[in-house]
Structure formats: C-alpha cells, structure tokens
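**Student:** I'd like to ask you about the structure that follows.
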Amino acid sequence: MAFLKFEQFIKKIDQLEEANILMASLEFRVFTHLGKKCLTPSTLAKKASIQPEGAEALLNALASLGALKKTGNTFSNAPDSFKYFCEQSPHYKRGTVFLRRENRDEWSDLIKIIKNGRKLSEFGDDDPKFRESFTHAMHERSSKFSKPLAKFITRKPVGKLIDLGGGPGSYSVEILKNDKSAQAVLIDRQATLKVAKTIIKKTSIFKRFTFMDGDLFEVSLGKEIDTVLYSNILHIYNDKENSRMFKKIYKSLKTGGRFILVDLFLKDNRTEPFDGALFSLTMLLFTATGRTYTIKETEKLLNKNGFGKFKYCELEQGSSVIEAIKI
C-alpha cells in the first residue's frame, strides 16, 4: 500500500474547493440555464437570480475546471455538462444531481458524528419526495453493475425472484431480460415503486413483474421461492436486524434456493476495497444502525441462519456479490 505524501494529503483537502464550485453550479442550475446557448455572466446571473460578480467568478472557475467552454466573454456547456447536468437533456441525471446536493450538508456533520455518535432522532421518517429522487439516483448508479450481476445470477435458472428493497428494479430488469422464463416480485416503499413502475414500463418485460408495497420486515414473501435478491440492503442494518431478515428469507426459499447479496463487501483488513472503506462513514452518517460488512462476517451470519455453499464474484467500484444456498 502506498502512503500519502504531504503534498498529496494537502491536495486532497484542497479538492474540497473544487467540489464546492461544482456543487454551486448544480445549486444555481448553471448547466440548465446555459442549455445549448452561449451566455454572458450578466445574462446568466439574471436567469439564476444571483449576483453578477459571483456569476462571473463561478463561470470562470467552471471553465478552468473544464466543465464549461469560454469564448470571449460568453460561456457554454461542455459536452458532458449538457448531456448529464442540463435538465432539457434526455440523459439528465436527475437522481444523481439530487443526491449530491442532498448529501452536501450531511457530510459537513462528519466530525460531530464521529465525536458524539449518530443523531438517531433524525431516522425513522421517510419523505416520499426524497425517496422518489433517491430511487432515480439508484437507477442511474445501477447501470454500471446490472449486466455483470445479471450474467452471474442467470448462469442458473432464476425461477420466481423476490427482489427485496430492490428500488428501481434495475437489477431485476436485466435478470429477466437474460432469463426469459423468470418472474420477479419487487418489494419496496410506495414512493419507490412509483418510480420503478415508470422505469420498468418502458421495457419489454413489464408483464413479468409484480409490485408489492410494504416494510421488508413485515411483508409476506410467500413460500417455495427460487431466488431472493438482497441488493444494497445489508449495510443499512446491524447484525441482529439482518439475521432477522435472513431467517425470514430462509423460510421463503425452497431447499436449494439461492439467496443473492450485493453490497460493498470489505476484505478482512477493512481498508479494501477503497470504496467500501469510505462507505463505512456513509453508513455512520445516513443510517441508524448500518455498517459495512466483510465477506467473512457476511458468510458467518448466513451460515448461522442455515445458508451455505457460498460463491463470490466481484463487480465494479468495490461492489461484489455473494451467492448462498438454502441447505
């Protein structure tokens, strides 16, 4: 492992400046106001309802970063700035933009939470508007992993699939595209399912989906299920809560049925993969009891609840999948 040198240490701290510049551009919808036009700072300032002096400084900084193009005294979008961050673009990353803006203030609380512990009073309520935007963000993120995950899962017949807390259903969509005889039941919150239905309606496999609104700990999963998908749920809960879910999943699966877990699993040293190590702090900030788990910790918990014959597969950006069989 290479250690940070002094210059690298300071450079990483200084990247906060660049992050805040980009966050300001999203806050004031700079890329949307520019669209396909070339605007002066004063014109942009009027559209964004900001001060001309600040607008000019912000636009120049964005051009310096490569997020905008400057011609004379006018500014226009760079290709990706328009494609992904302009609201008029068909490729606009609505959920990703929302999540980055939403998370900005929470991360500023990191020092307080490390010192004093989690702010448990803030957990429990679920804002439907937040949930809808968060679901769009998860769909945008899932596109990086859905194909390799589906390839891994569909190497065997899927049968009846329960997608627990599956959000937008992006993984299940890809699985059903690969396995033409599979059926999926997507279980999540009402606001989440609203987004999922909108997304899945655009696909050819919509008729093979059933949608079920409910709390994962309370809703019935049925019996003799072939496959259960538990994607990015493990890290939300502590050992006791996950064990409760594992028992429930075990009862719903047929003997030999598969339990598929997708998460940012850590190695035993808890410092690798990089994304997983940083994600430990994300769970500290945004969940009441959640944490990241090592592969061995997860397999031990699965084994304790009747699962075995584990198979492991790495995906991308620190995400991995563990397959467990009901013995």
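**Student:** Among Thr135, Thr192, Thr71, which one shows the highest mean-square fluctuation when the chain is modelled as a Gaussian network with alpha-carbon springs under 10 Å?
**Tutor:** Residue with maximal mean-square fluctuation among Thr135, Thr192, Thr71: Thr71.
**Student:** Looking at the square roots a ≥ b ≥ c of the eigenvalues of the Cα gyration tensor of segment 183-229, which shape do they give, rounded for a/c under 1.5, prolate if a/b is larger than b/c, or oblate? Kindly include the intermediate steps, with their values, before the conclusion.
**Tutor:** On the way: a/c = 2.98, a/b = 1.27, b/c = 2.34.
Oblate, since a/c reaches 1.5 and b/c is not below a/b.
**Student:** To continue, here is another question. Mind checking the dipole of the chain: about its Cα centre, +1 per Lys or Arg Cβ, -1 per Asp or Glu Cβ, Debye to the nearest 20?
**Tutor:** The dipole magnitude comes to about 1160 debye.
**Student:** Next up: So for segment 6-92, if I pair up every lysine 8 or more residues apart or on another chain, how many of those pairs have alpha-carbons under 14 Å apart? Kindly include the intermediate steps, with their values, before the conclusion.
**Tutor:** Values: Lys36/Lys69; Lys36/Lys70; Lys36/Lys83; Lys37/Lys47; Lys37/Lys69; Lys37/Lys70; Lys37/Lys83.
The result is 7.
**Student:** Follow-up. Among the complete DSSP H segments of the chain, which ones combine at least 18 Å of alpha-carbon extent along their axis with a mean Kyte-Doolittle hydropathy of -1.0 or more?
**Tutor:** Sorted by number, the helices that extend far enough and score high enough are 6-27, 52-65, 274-286.
**Student:** Tell me, what is the percent relative contact order of segment 52-106, built from C-alpha pairs under 8 Å that lie six or more residues apart?
**Tutor:** 16
**Student:** Counting other C-beta atoms within 10 Å, which of His235, His91, His136 has the fewest, and how do the rest follow?
**Tutor:** On the way: His235 19, His91 11, His136 22.
Ordered from fewest to most neighbouring Cβ atoms within 10 Å, His235, His91, His136 come out as His91, His235, His136.
**Student:** Same structure, new question: Quick one: net charge around Ser319, please, counting Lys, Arg +1 and Asp, Glu -1 for every other residue with C-beta under 15 Å from its C-beta.
**Tutor:** My count for the surroundings of Ser319 gives -3.
**Student:** Okay, moving on. Using the Cβ atoms and a cut-off under 14 Å, what net charge is assigned to the surroundings of Ala48, where Lys and Arg are +1 and Asp and Glu are -1?
**Tutor:** On the way: positive: Arg29, Lys37, Lys46, Lys47; negative: Glu27, Glu53, Glu56, Glu87.
Cβ neighbours under 14 Å give a net charge of 0.
**Student:** Helix-derived [θ] at 222 nm for the chain: sum -39500 (n - 2.57) over DSSP H runs of at least 4, divide by residue count, nearest 500?
**Tutor:** Helix contribution divided over all residues of the chain: -14500 deg cm²/dmol.
**Student:** Continuing with this model, one more query. Rounded if a/c is under 1.5, else prolate if a/b is larger than b/c, else oblate: which is segment 6-92, with a ≥ b ≥ c the root eigenvalues of its Cα gyration tensor?
**Tutor:** In terms of gyration-tensor shape, prolate.
**Student:** What size of dipole, in debye to the nearest 20, comes out for segment 6-92 about its Cα centre when the only charges are +1 on Lys and Arg C-beta atoms and -1 on Asp and Glu C-beta atoms? Walk me through the numbers before you get to the answer.
**Tutor:** Working: 10 positive and 9 negative charges, 89 e Å.
In debye, rounded to 20, segment 6-92 gives about 420.
**Student:** Just checking my list [x] 33, 22, 20; [y] 30, 24, 18; [z] 40, 24, 18 against semi-axes √(5λ) of the Cα gyration tensor in Å computed from this structure; which label fits?
**Tutor:** For semi-axes √(5λ) of the Cα gyration tensor in Å, the calculated option is [z].
**Student:** Can you tell me which of Ile249, Ile114, Ile175 moves the most in a GNM of the chain? Springs connect C-alpha atoms under 10 Å apart.
**Tutor:** Highest fluctuation among the options: Ile114.
**Student:** Between Ala45, Leu65, Asn20, whose Cα lies farthest towards the positive end of the dipole of segment 6-92 when Lys and Arg beta carbons carry +1 and Asp and Glu beta carbons carry -1, centred on the Cα centre?
**Tutor:** So the residue we want is Ala45.
**Student:** Given +1 on the Cβ of Lys and Arg, -1 on the Cβ of Asp and Glu, and no further charges, what dipole in debye does segment 117-254 carry about its Cα centre, rounded to the nearest 20?
**Tutor:** 640
**Student:** Pick from Ile50, Ile111, Ile13: which residue has the top mean-square fluctuation in a GNM of the chain where Cα pairs under 10 Å get a spring?
**Tutor:** The residue with the greatest mean-square fluctuation here is Ile13.
**Student:** Moving to a separate point now. Excluding Gly159 itself, calculate the net charge of residues whose Cβ lies under 15 Å from the Cβ of Gly159, where each Lys or Arg counts +1 and each Asp or Glu counts -1.
**Tutor:** +4
All of the numbers you see were taken from the coordinates with simple rules; none came from a lab. Fair warning: this is a prediction, and the values are worked out from it, not measured in the lab. For neighbour counting, all protein chains shown are included, and Cβ atoms are generated from backbone atoms with ideal geometry for every residue, glycine included.
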